[in-house]
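**Student:** I have a structure I would like to understand better, so I am pasting it below and will then ask my questions one at a time.
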Amino acid sequence: MSALIDRHQICMWCSVIIVSMLFSCTQSENASNFQGELFIKMLDSPANLQQVNITIDRVSVHREGAATDGGWSYVSTESTGSINLLRLRNGISERIVLSKIDAGKYDRIKIIFGACTVIENGIEARMELDPIAQNGRLLSYTFEVVEGKRTQLTFDFDVSRSVLKNGIIYVFKPIIRVQNTLLSGSILGSVLGPDSLLTSSSTVMTSTGLDSVSTLTDLVTGSFRLADLPEAVYAISIQSGDPRFRDTVLTNLTVVRQQETNVGVIRLRRK
C-alpha cells in the first residue's frame, strides 16, 4: 500500500512539474512575443571646427501614459566611447542603440552624456555640459515599437548650434532632431563649377519645420547627401565654398519615404 501511495505521489509531483514547466515556457514565449527592436543611429551637420568628440553613457525611453518619474526603460547602458560627430555626414552614421524592448508607444528619450571634447586650431579642449544636459538631454518624440518588428530612429545633431564658446570655455548644448528613419527619404546629388571643375567644399542645407539640415560636399567628388528627411517638398540652398562661384537654390524637391531624390549635377555659375 505504501509503495502504491509513493508511486501515486511521484506521479502527481511529476504532473505538477510538467505543468509548471509548460506554464513557464508559455510565459517566456509570450514575453518575447510582446517585444520589438529599437535601433537608433546618429547623423551630424557641419561646423567650423576640426573635431567634436562626444560620449553617450546611457539612453532610456519613457512609455506613453506612465508617470513622469516612472515608466523609463534603459535601451543602452554601455558607453559608446568617443565619437567624432563631424565625420557623420553625407550618409555616414553611427549606431548607438540596438535593443529588445516591450512593444507599445513611447513619448520621450533621455540621453546621458559622458566626456565631450572639441578640437579647434589643433588644440583639444574639454566641453562642459550645458545645465539642460547635465542630468540627461530630454527629447520629446512619440514613436511606437511593434511586436516582432524593428523601429528605427535617427538622431541628427546640429553641431554648429550645439557647441558654444564663452571666452576660452566650450559648452555643449546638444541640439538634436529626431526622425523615424523608415518614414523618411533623402536628397542627393553633386556640386561642380563650370566645365566640371571641383570647387571647395560647399554647404548644402534645407529645413524641416523649425530645424535646419545641412551637410558639406565631398572634396574629392563634390557629392552630397541630406539623409533622413521627413516626407515633404523642399528647397535646398547651396552656399559655394569657392569665392569665384555664385550660391544657388533648387526648389520643389519632393521627398518620399524610403526613396532617394537625386538632383544630379548642380553646376555653379561664375560671379
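**Student:** If one takes the longest principal axis of the Cα atoms in the chain, at what angle in degrees, from 0 to 90 and to the nearest 10, does the Cα axis of helix 2-33 lie?
**Tutor:** Tilt relative to the chain: about 10 degrees.
**Student:** Let me test this: with uniform point scatterers at the alpha carbons of the stretch 185-267, what is the Debye-based log₁₀ I(q)/I(0) at q = 0.20, 0.24, 0.25, 0.26 1/Å?
**Tutor:** -0.83, -1.14, -1.22, -1.30
**Student:** Further question on the same structure: Using the alpha carbons of the stretch 35-174, what is the convex hull volume per residue in cubic angstrom, as a whole number?
**Tutor:** Value for the stretch 35-174: 100 Å³ per residue.
**Student:** What value in Å³ per residue do you get for the convex hull of the alpha-carbon atoms in the stretch 32-116?
**Tutor:** So the per-residue Cα hull volume is 114 Å³.
**Student:** Eight or more residues apart or on different chains, and alpha-carbon atoms under 21 Å: count the Lys pairs in the chain matching that.
**Tutor:** Going through the chain pair by pair, I get 10.
**Student:** Right, something else. If neighbour count is taken as other Cβ atoms inside 10 Å, put Ser79, Ser201, Ser162 in order from fewest to most.
**Tutor:** By the 10 Å Cβ count, ascending: Ser79, Ser201, Ser162.
**Student:** Something else now. In cubic angstrom, how much convex hull volume per residue do the alpha carbon atoms of the chain span?
**Tutor:** 184 Å³
**Student:** Could you list log10 I(q)/I(0) for the stretch 90-131 at q = 0.28 Å⁻¹, which the Debye formula gives when each Cα is one point scatterer?
**Tutor:** Values returned for q = 0.28 Å⁻¹ are -1.09.
**Student:** To the nearest 20 debye, what charge dipole does the chain have about its Cα centre, counting +1 at the Cβ of each Lys and Arg and -1 at the Cβ of each Asp and Glu?
**Tutor:** Dipole size: approximately 660 debye.
**Student:** While we're looking at this one, here's another question. Over the chain, with a Gaussian network built from C-alpha contacts below 10 Å, which listed residue (Asn135, Asn252, Asn90) shows the highest mean-square fluctuation?
**Tutor:** Among Asn135, Asn252, Asn90, the largest GNM mean-square fluctuation belongs to Asn252.
Each value in this text was obtained by applying a stated rule to the coordinates, not by laboratory testing. Just so we're clear, the structure is a prediction, and the values are computed from it rather than from any experiment. Ideal geometry is used to build each Cβ from the backbone, glycine not excepted, and the neighbour counts take in all protein chains shown.
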